[in-house]
Amino acid sequence: MAEDTKIRSSEITDEATYLNRRSFIKAGALAGSAVATGALYRYLNPPPPREVSTAKIGDFSEAESPLSDELTSLQDITNYNNFYEFSTDKRGVAPLVDDFEVRPWTIAVDGLVEQPTLFGIEDLLKIDQEERIYRFRCVEGWSMVIPWVGFPLSKLIEKAKPLSKARYVAFQTYYGGANPSGAQLPPGPNGMGNIFAGIPFPYVEGLRMDEAMHPLTLLATGLYGRLMPAQNGAPIRLVVPWKYGFKSIKSVVRISFTDEEPPTTWSKQAPNEYGFYSNVNPDVPHPRWSQATERRIGEYGRRETLPFNGYGEEVAGLYKGMDLKRYY
Amino acid sequence: MTGAGDIRFVKVLIAVNGIVPLAMLGWDWNQGNLGANPIEFILSTTGYLTLIFLLLSLAVTPLRKMTGRNELIRFRRLVGLLAFFYGCVHLITYSIFDKSLDLSAIVSDVWERPFIALGMSALGIMLPLAITSTNGWIKRLGGKRWQKLHRLVYLAGIFAVLHFWLIQKSDFSWPIVGVLVLAALLIYRVWAKFAPKAGASAKA
């Protein structure tokens with residue numbers, strides 16, 4: 001066409017400019033829309049986690065017999081959390097906890113005790129702290145290995161002096177406002193108060209007295225030798241390694257002794273899915289997840305899930321004669 | 001924008017934008033940026049993308065009728081195929097990466113967990129629709145029969161949204177959005193089927 005002498009050169013230029021402009025606009029629209037789609041994707045799936053670093057715990061005895069399992073990284077432990085008061089998205093909790101103040105903090109101990117007592121977090125941190133490396137198995141079919149720091153719950157129970165008719169221990173998670181005893185607690189952080197959680201707050205859990213007194217049952221004040229990160233249940237949480245993770249209630253503000261089995265959040269929410277005991281049991285499937293296997297965070301394949309999360313030797317005796325398929 | 005070149009350009013635009021999320025997912029995976037549980041993340045993201053494109057494909061006809069832009073119909077196949085594509089990536093993630101191709105675990109999953117059976121059924125329905133989406137198949141089946149077959153997409157949509165609903169533990173906010181969008185798209189069709197007839201008979 002360019003060699004066709006019958007067409008004036010000015011016309012040729014116009015045509016070319018026209019086509020150039022068309023393809024320029026198209027290329028621009030293509031690139032622009034792809035960038036916009038990418039930006040939307042990035043907004044919905046924000047870039048990876050930030051580092052947390054809480055203060056070091058000054059004095060604790062290191063774990064005596066660590067498991068052969070590799071520890072889960074601090075990064076993963078602090079960026080994959082079920083803490084529904086903030087968010088139901090496990091990746092979404094860490095970015096919301098910045099203004100979660102955990103001082104002053106007290107645990108109210110009441111119910112069937114000689115004398116209801118308030119325990120300040122500073123006093124609880126004075127109890128001999130020890131490191132415990134435990135497997136942590138979530139009911140959703142994933143697991144971690146976490147180096148907790150804390151002390152056996154039994155030590156607090158001994159100080160609290162429950163009455164002999166106390167058969168259960170009930171726990172409650174902080175949910176803004178004051179401690180149930182009226183003691184001062186930090187105001188609720190902005191992020192707390194997730195109205196989409198679909199479960200009632202405050203979150204409550206419970207143990208039978210012998211489970212609570214078991215030497216494996218821990219009140220944890222930290223992990224990896226540092227004070228508990230907010231997203232993991234600062235400043236103090238329960239850790240019951242042979243039960244599904246939701247039993248290990250976070251950010252505890254109240255411990256009550258009762259003579260009746262206390263209500264627990266998830267078993268009230270869906271009694272056919274979650275029981276009071278919720279011991280890790282590969283033979284009792286959950287409606288949505290087979291419990292036969294689990295994915296260890298940091299690994300790609302699946303591992304066989306162990307009865308009582310591998311702590312059967314220590315705890316199976318607590319359930320002698322019980323039908324664990326019925327009392328799941 | 002009715003020229004053949006423009007239609008082709010918009011198709012390229014849709015295809016490129018449709019693949020952007022997969023490219024970013026792959027990039028993040030390569031960079032180790034998918035978080036603590038990459039497989040769970042890929043599984044949920046590809047699930048969301050399947051549902052989004054499935055609902056978008058169901059939105060084409062209502063949009064076309066409401067705006068009067070008939071050329072929109074020419075992009076429907078591509079949007080539907082994107083839904084099928086992400087559904088396949090979702091299934092591959094589940095069966096290979098999550099279940100390590102352990103057939104007995106997969107079979108018992110389908111058998112014991114209704115949400116998995118529903119998800120599999122939804123994708124199973126989409127398979128013949130994807131295969132018969134070509135011009136050749138439309139001719140071979142004849143327009144009427146092809147259309148009848150492709151109405152199965154409504155069932156796939158219902159199964160997919162149910163699948164999404166049943167996997168939630170307690171937070172149903174996104175599944176509710178899915179149900180509302182699907183309901184609006186289906187109700188529109190029921191309404192469109194009866195409303196114009198009433199108008200026509202009034203005129204006659």
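The values are calculated or read from the model by the stated rules, or taken from the named source; none is laboratory data. These numbers were taken from a predicted model, which means no experiment stands behind them. Please note: Cβ atoms are built from the backbone with ideal geometry, for glycine as well, and neighbour counts cover all protein chains shown. SASA here: full protein model, heavy atoms, side chains in, ligands and nucleic acids out. Shrake-Rupley method; radii C 1.70, N 1.55, O 1.52, S 1.80 Å.
Going down the table (A:250/A:320; A:155/A:268; A:155/B:169; A:159/A:250; A:126/A:268; A:165/A:268), which pairs top 27 Å between alpha carbons? Intermediate values should be presented prior to the final figure.
Numbers: A:250/A:320 29 Å; A:155/A:268 29 Å; A:155/B:169 35 Å; A:159/A:250 21 Å; A:126/A:268 36 Å; A:165/A:268 25 Å.
From A:250/A:320; A:155/A:268; A:155/B:169; A:159/A:250; A:126/A:268; A:165/A:268, over 27 Å: A:250/A:320; A:155/A:268; A:155/B:169; A:126/A:268.
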(message) Can you tell me the convex hull volume per residue for the range A:9-121, based on C-alpha atoms, in Å³ to the nearest whole number?
(response) 238 Å³
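Which values, in whole Å and largest first, are the semi-axes of the equivalent ellipsoid of the range A:190-232 obtained as the square root of 5 times each eigenvalue of the Cα gyration tensor?
Working: eigenvalues 131, 77, 7 Å².
Gyration-tensor ellipsoid for the range A:190-232: 26, 20, 6 Å.
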(request) With runs of 4+ DSSP H residues as the only contributors, calculate the mean residue ellipticity of chain A at 222 nm using -39,500 (n - 2.57) per run, divided by the residue total and rounded to the nearest 500. (result) -6000 deg cm²/dmol
(request) For the range A:149-287, take the alpha-carbon Rg, divide it by the Kirkwood Rh, and send me Rg/Rh. (result) 0.95
(request) Jot down the per residue volume, in cubic angstrom and as a whole number, of the convex hull over the alpha-carbon atoms of the range A:104-150. (result) 139 Å³
(request) Report, to the nearest whole %, how much of the accessible area of the protein assembly as shown belongs to carbon and sulfur atoms, 1.4 Å probe, protein only. (result) 61 percent
(request) Using only the Cα atoms of the range A:167-249, each taken as one equal point scatterer with no solvent, compute I(q) by the Debye sum, divide by I(0), and report log10 of the ratio at q = 0.16 Å⁻¹. (result) -0.73
(request) Can you check what the net charge comes to around residue A:208, using other residues whose Cβ is under 10 Å from the Cβ of residue A:208 (Lys, Arg +1; Asp, Glu -1)? (result) -2
(request) Considering only B:23, B:130, B:122, give the residue with the highest GNM mean-square fluctuation for chain B, with springs between Cα atoms whenever their separation is below 10 Å. (result) B:23
(message) For the range B:124-158 and the range B:167-185, what is the centre-to-centre distance using only Cα atoms, to the nearest Å?
(response) 26 Å
(request) Indicate the residues belonging to the range A:24-62 that lose 50 Å² or more of solvent-accessible heavy-atom surface (probe 1.4 Å) upon moving from the chain alone to the assembly of all protein chains, ignoring ligands and nucleic acids. (result) A:26, A:30, A:37, A:41, A:42, A:48
(request) Considering the convex hull of the alpha carbon atoms of the range B:105-204, report its projected area averaged over all viewing directions, in nm², one decimal. (result) 9.4 nm²
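So what is the relative contact order for the range B:15-153, in percent, with contacts set as C-alpha pairs under 8 Å and at least six apart? Don't jump to the answer; show the numbers that get you there.
Values: 86 pairs, mean separation 28.6, N = 139.
Taking the mean separation of contacting Cα pairs over the length of the range B:15-153, I get 21 percent.
Mind putting a number on the dipole of the range B:21-172 about its Cα centre? Charges go on the C-beta only, +1 for Lys and Arg and -1 for Asp and Glu, and I need it in Debye to the nearest 20. Present the calculation step by step, with values, prior to reporting the outcome.
On the way: 15 positive and 8 negative charges, 268 e Å.
The dipole of the range B:21-172 has a size of about 1280 debye.
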(message) At a probe of 1.4 Å, how much accessible area disappears from chains B and A on forming the pair, both sides counted, to the nearest 100 Å²?
(response) 3200 Å²
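DSSP loop (so not H, G, I, E, B), at most 16 other Cβ within 10 Å: list which trypsin sites (Lys or Arg not before Pro) in the range A:268-328 pass both filters.
On the way: sites: A:268, A:288, A:295, A:296, A:302, A:303, A:320, A:325, A:326; in loops: A:288, A:302, A:320, A:325, A:326.
Those that pass, being in a loop and sparsely packed, are A:320, A:325, A:326.
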(request) Along each of the three principal axes of the Cα atoms of chain A, give the extent in whole Å, ordering the values from largest to smallest. (result) 111, 44, 38
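Compare B:129, A:306, A:227, B:101 by solvent-accessible area with a 1.4 Å probe and give them largest first, with all protein chains kept in place. List each step's numbers first, then the result.
Values: B:129 15, A:306 80, A:227 50, B:101 105 Å².
I get B:101, A:306, A:227, B:129, largest accessible area first.
Only four residue types carry charge here, +1 at the Cβ of Lys and Arg and -1 at the Cβ of Asp and Glu. Report the dipole size of the range B:96-193 about the Cα centre in Debye, rounded to the nearest 20.
Working: 11 positive and 5 negative charges, 177 e Å.
For the range B:96-193, the charge dipole is close to 840 debye.
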(request) Taking the Cα atoms of the range A:68-154, report the difference between the largest and smallest coordinate on each principal axis, in whole Å and largest first. (result) 41, 34, 23
(request) Please give every one of the aspartates and glutamates within straight-line cross-link reach of residue A:325, meaning a C-alpha to C-alpha distance under 16 Å, and leave out same-chain neighbours fewer than 8 residues apart. (result) A:273, A:283
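Among residues other than residue A:127 whose Cβ falls under 13 Å from its Cβ, what is the net charge (Lys/Arg +1, Asp/Glu -1)?
Details: positive: A:126, A:155, A:159; negative: A:59, A:122, A:123, A:128, A:130, A:158.
Spelling it out: positives minus negatives among the neighbours equals -3.
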(message) Bins of 10 Å, beginning at zero and ending with the bin holding the largest distance: percent of Cα pairs per bin for the range B:76-137, please.
(response) 21, 46, 24, 9
(message) Can you give me the accessible area per residue for chain B, using a 1.4 Å probe, in Å²?
(response) 54 Å²
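Ignoring everything except DSSP H segments at least 4 long, calculate the 222 nm mean residue ellipticity for chain B; use -39,500 (n - 2.57) per segment, divide by total residues, nearest 500. Mind showing how you got there, number by number?
Working: 9 runs with 163 residues, N = 204.
That calculation yields -27000 deg cm²/dmol at 222 nm.
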(message) Report the Cα centroid-to-centroid distance between the range A:267-319 and the range B:32-90 in angstrom, as an integer.
(response) 35 Å
(request) Give the distance, in whole Å, between the Cα centre of the range A:203-258 and the Cα centre of the range A:144-161. (result) 8 Å
(request) Identify all aspartates and glutamates with a Cα-Cα distance to residue A:161 below 13 Å; exclude those on the same chain that are fewer than 8 residues away in sequence. (result) A:110, A:114
(request) Starting from the Cα of residue B:144, draw a straight line to each of the lysines and keep only those under 26 Å, dropping any in the same chain fewer than 8 residues away. (result) B:11, B:65, B:193, B:197
(message) Report the rotationally averaged projected area of chain B based on its alpha-carbon convex hull, in square nanometres.
(response) 14.9 nm²
